[in-house]
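The values are calculated or read from the model by the stated rules, or taken from the named source; none is laboratory data. These figures come from a predicted structure and were not determined experimentally. Cβ placement follows ideal geometry from the backbone for every residue including glycine, while neighbour counts extend to all protein chains displayed. Quick note on the areas: whole protein, heavy atoms, side chains included, nothing else; ligands and nucleic acids left out. Shrake-Rupley method; radii C 1.70, N 1.55, O 1.52, S 1.80 Å.
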Number of protein chains: 2
Amino acid sequence: MKTPKDIPEACANCGIRNRGVCAHLYAEELSKLDSLSRRRRYRPGETIVMEGSRGVVGNVIDGTLVERKTMADGREQIVSLLFSADFLGTPLSNQADATVDAVSDVMLCTFDRDQFEAAAADLPGLSAAVHEQARAELALAREWMLLLGQKRAIERIATFLLRLVNRRLNVTCLHNFDDLMDDAQTLMIPISRRQIADFLGLTTETVSRKFGELRDLGVIDIADARHITVHSLPRLRAAAGFVDELA
Amino acid sequence: MKTPKDIPEACANCGIRNRGVCAHLYAEELSKLDSLSRRRRYRPGETIVMEGSRGVVGNVIDGTLVERKTMADGREQIVSLLFSADFLGTPLSNQADATVDAVSDVMLCTFDRDQFEAAAADLPGLSAAVHEQARAELALAREWMLLLGQKRAIERIATFLLRLVNRRLNVTCLHNFDDLMDDAQTLMIPISRRQIADFLGLTTETVSRKFGELRDLGVIDIADARHITVHSLPRLRAAAGFVDELA
DNA sequence: CGTTGAGTTGAGACATTTCAACGAGCGTGG
DNA sequence: CCACGCTCGTTGAAATGTCTCAACTCAACG
């Protein structure tokens, strides 16, 4: 987290200038990168990158995106959710391994791929930050492999909610996890039931039913399809399979 | 692929000196790295890294390893297979996201973590190679998310076999994929039925049954549990769900 | 006000798991 | 040498969790 004076105006006013890869750059580095950047807006449902194409490189300034892989017969698996401050795209690789869609209105801060790679070669902090993102993505992907390969439907739903909780805690960043163990959390679900199903390897019907079961168990409240209140994080963690139920 | 003269003796005799991260290093870089390296042998079943620990950094010279994640109640998911020339461990991260076990006799070329990271900071080719490995791992993990979330049991088995075929083609590296589409391939299965099950999110019984089904379909022959002959790659690809069956 | 899409709920179907038995290989010790 | 115990892999029959198919509600919208 650098706090210089002469940062570019676009960056000074940017909601994520102290988050994501930009947080690791000095003023002059930020200027250099800013001169290469171009903002672009996308509409909900718009496809930003096609699997197999060269794809876009840039920061997510605002909005929600999904990365998904598709089978020949149309089955889909969402492999990643992207939010504000996440980095989109794989510099170094010339082939996107998933299709990227905007779920909400999305604002990106994009770069020309070659220019970005040249800049990254000059700015150790930038390339380190990008690679750190890739490493974090890998850890998340493996966490999800455990979910998809081993967890039952209700555990998958609980794990998904837990991930949203953790994300919110990381963003607000004011407390640590244990302090909030007993606080009620009201969550905005950023994606549809269909997208949740494709993310968790389930069907929309099962997603709906398991949300209901978690409600009946008293773990959550469902205000509407997009708004969930978590009553007890420990019980949500138990439902997610993170603690052995010695029942 | 550099071909210098004054490479360290250990590297000159190393089976993977022209593969993995070492392939991208000049003689003097190789020397520098070699001076930091230490060979270590592991026995089948031995645990090399525990999930959550700092872990080992190094090259796999020879042998087969699995990376796995475990749930509180003992359920396991294998998230990666490592073979000769693969890179083990996550420099930059101080927490291994999975447990690593030797499946066969394993020889590693390990490095002190801090020294390796310092070396990587000096050698752009090295850090690029390590990051490229991480990127490739991410692509594989996402491929597996699609498998675990969407594919049925027989497709998972077929995909697994296809991955072994592809690996063999990459290693032998003499032909391209299409040239071998119709060739019979005899594969050595490097892991047990239980490990296959944990890799594919199935049970050993289902793995056994689906191998039998692929045999009955005439796609493969089963010499014994560890040796499979692939009769038709196109049909294996179809069984794996990579082509839409317009039946 | 009819249409459309998203979400929920129910009943039955189905794929995979679970439970159980069995055979082959293999080292150990009598 | 054979009996024994053990693990690994295979096979069968029953149980079960999730999917499929279908109906219905609700809100948004032209």
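When the stretch B:202-237 is examined, which residues are found to be open to solvent by less than 50 Å² (accessible area, probe 1.4 Å), within 16 Å of DNA strand C (Cβ to nearest atom) and in contact (Cβ under 8 Å) with a residue 40 or more places away in the chain?
Within the stretch B:202-237, B:202, B:206, B:207, B:210, B:211, B:214, B:219 qualify.
Scan the stretch A:49-89 for residues that are β-branched (Val, Ile, Thr), outside any strand (DSSP E or B) and either within 8 Å of another protein chain (Cβ to nearest Cβ) or closer than 20 Å to residue A:163 by Cβ (or both) and jot them down.
Hit for the stretch A:49-89 is A:64, nothing else.
Within the stretch B:128-139, how many residues turn out to be hydrophobic (A, V, I, L, M, F, W, C), facing chain A (nearest Cβ under 8 Å) and touching a residue at least 40 places away in the same chain (Cβ under 8 Å)?
So the count comes out to 2.
Within the stretch B:111-124, count every residue that is surrounded by fewer than 18 Cβ atoms within 10 Å (Cβ to Cβ) and either among the hydroxyl-bearing types (Ser, Thr, Tyr) or more than 10 Å from every other protein chain (Cβ to nearest Cβ) (or both).
Number of matching residues: 6.
This table checks each residue for (1) within 17 Å of the chain's Cα centre (by Cα); (2) away from chain A (no Cβ under 14 Å); (3) part of a strand (DSSP E or B); (4) under 26 Å from residue A:71 (Cβ atoms).
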position	(1), (2), (3), (4)
B:91	no, no, no, no
B:109	yes, yes, yes, no
B:126	no, no, no, no
B:144	yes, no, no, yes
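Residue B:199 is checked against (1) within 22 Å of residue B:101 (Cα to Cα); (2) within 8 Å of DNA strand D (Cβ to nearest atom) and fails just one. What number does that condition carry?
(2)
Sort out which residues of the stretch A:188-238 are of a type in the set (Gly, Ala, Ser), closer than 18 Å to residue A:146 by Cβ and either away from chain B (no Cβ under 14 Å) or touching a strand residue (DSSP E or B) at 6+ places or on another chain (Cβ under 9 Å) (or both), and write them in order of number.
If the condition is that a residue be of a type in the set (Gly, Ala, Ser), closer than 18 Å to residue A:146 by Cβ and either away from chain B (no Cβ under 14 Å) or touching a strand residue (DSSP E or B) at 6+ places or on another chain (Cβ under 9 Å) (or both), then A:201 is the only one that fits.
Considering only residues that are among the aliphatic types (A, V, I, L, M), in contact (Cβ under 8 Å) with a residue 12 or more places away in the chain and farther than 21 Å from residue A:40 by Cα, which ones fall in the stretch A:83-119?
The one that is among the aliphatic types (A, V, I, L, M), in contact (Cβ under 8 Å) with a residue 12 or more places away in the chain and farther than 21 Å from residue A:40 by Cα: A:92.
If you go through the stretch A:50-67, how many residues are more than 21 Å from residue A:136 (Cα to Cα) and either open to solvent by less than 80 Å² (accessible area, probe 1.4 Å) or of a type outside the set (D, E, K, R) (or both)?
Count: 3.
Being acidic (Asp, Glu) and not in a loop (DSSP other than H, G, I, E, B), is that true of even one residue in the stretch A:12-33?
Within the stretch A:12-33 (the criterion being acidic (Asp, Glu) and not in a loop (DSSP other than H, G, I, E, B)), the answer is yes, since at least one residue qualifies.
Test residue B:97 against the criterion of being assigned to a loop (DSSP other than H, G, I, E, B), buried (at least 18 other Cβ atoms within 10 Å of the Cβ) and assigned by TED's automatic domain parsing to the domain that holds residue B:19, and give yes or no.
Criteria met by residue B:97.
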